[in-house]
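The values are calculated or read from the model by the stated rules, or taken from the named source; none is laboratory data. Keep in mind that this is a model prediction, so the values were computed, not measured. Note that each Cβ is placed from the backbone with ideal geometry, even for glycine, and that neighbours are counted across all protein chains shown. The accessibility values were calculated without ligands, DNA or RNA, using every heavy atom of the protein model including side chains. Shrake-Rupley method; radii C 1.70, N 1.55, O 1.52, S 1.80 Å.
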Amino acid sequence: MTISSAMKSAVCFAACAAALALCGPALAAQLPLQAHPGAPAGKWRDATMDEYRQHLSALQPVVDACAKARDLKTCDPMLVGPDDNVALGAERRLVRYGWLRVLLSRAEEPDQKPETSPSKQERESMEPAGVRPAPLTTSQLLQRAKARLETDLAQAGGPAEPMAAHAAARTAMQQVLAGKDFRGLAGQSVRDTLLEKLDNWLNHLFAHAAGLRARAAWVGRALVWGFVGAICIALVWALLQLERRWRVRLVPESQGPAPGAASARAWQAWLEDARRAAAQGQWREAIHFVYWASISRLESRRLWPADRARTPREYLSLVAMDDPRKAGLAALTGSFERTWYGGRAAGENDYRHAEELATALIDGGAR
């Protein structure tokens, strides 16, 4: 590109920009209705009764111009503007203009001439036989649209009807419900409300998935099968937890403890060793024996299958959350781990506290 051609392009661009800047306000002033920013045709806007009347008044010349010119410029559906959400006292009413937009979009084409125009006598003879009359032309529909707008404008100009007072009806209904026939009537419970919300959410989810499936089949299938898979995984996990809980409790009495398990030695022997070590001032060893006395007692009551390979935390995890012995076993396990594995020095008070916890677990193990 030469220098002269580049200068010509720059001059043309500047001229176009200046023309758009000058003509833009004039074109915007010719629009019959100013919609809200960012609200395309077909969207609603909040409007007062005066704004609703102004909208109806602005639509009448649009219909007239479209009926006369029947071209793309005058019959543009964008000239209708957004729908009106009219305030009627404490409530609102949505007035839609979709019918007018469809009519304007079809008005660009000329009317189709009917093949044969039946006479009046023929139409009268056709009506009793159930034959539908010929459809209206676009010009006739435009005339009816103008008449409809005039009717709506006349109705909007009249006084608003007062809202009916429902206080008397509400009082009468409360008196009826207070009678003996409705004495056992109960309102909707919180559980029913939550179930209804869950049901509505599921319906909305599947309806949305069906809509996505219509546009992209794999997205809808992925959502549906993903939801079904999540439900199946949750059910399998719940069943495994139940099976595990009952398996650790329902151990046959005929099955003896595994070799080396805590219950292979009587809990009384563990407790005697603990008291002997306490008498010698060996508090750390005494807490160790007290802990295993409790484990032997609980294991002998079939709280879990005997297995020496478990850690103290694994023994604690086998106790159900609703078991009243879980808190005592957790405290005793923490004291045992701090002194035996953590290397913390133990005293007489530590042993006495551990012995109290073990006694409560041993006495409660008989249930």
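Looking at (1) modelled with pLDDT under 85; (2) closer than 26 Å to Gly343 by Cβ, which is the one condition that is false for Arg275?
(1)
Quick one: Thr193 ticks every box in (1) at pLDDT 85 or above; (2) within 30 Å of Ala65 (Cβ to Cβ) except a single one, so which number is it?
Tallying (1) at pLDDT 85 or above; (2) within 30 Å of Ala65 (Cβ to Cβ), Thr193 fails exactly one: (2).
Going by what's in this entry, would Lys180 be described as out of contact with any Lys or Arg (no Cβ under 9 Å at 6 or more places or on another chain) and at pLDDT below 75?
In short, yes.
Within segment 63-84, how many residues are of a type outside the set (Gly, Ala, Ser), in contact (Cβ under 8 Å) with a residue 40 or more places away in the chain and crowded, with 16+ Cβ neighbours inside 10 Å?
The number of residues fulfilling the criteria is 8.
Quick one: count up the residues across segment 118-162 that are part of a loop (DSSP other than H, G, I, E, B) and at pLDDT below 55.
9
In segment 276-319, what residues are within 21 Å of Gln241 (Cβ to Cβ) and part of a loop (DSSP other than H, G, I, E, B)?
Within segment 276-319, Arg302, Leu303, Trp304, Pro305, Asp307, Arg310, Thr311, Leu318, Val319 qualify.
Given the conditions (1) of a type in the set (Lys, Arg); (2) surrounded by fewer than 17 Cβ atoms within 10 Å (Cβ to Cβ); (3) part of a helix (DSSP H, G or I); (4) modelled with pLDDT of 70 or more, and given that Arg244 satisfies all but one, which numbered condition is not satisfied?
Single failed check for Arg244: (4).
How many residues are within 26 Å of Glu243 (Cα to Cα) and either open to solvent by less than 70 Å² (accessible area, probe 1.4 Å) or touching a residue at least 24 places away in the same chain (Cβ under 8 Å) (or both) if we restrict to segment 320-361?
Residues in segment 320-361 being within 26 Å of Glu243 (Cα to Cα) and either open to solvent by less than 70 Å² (accessible area, probe 1.4 Å) or touching a residue at least 24 places away in the same chain (Cβ under 8 Å) (or both): 10 in total.
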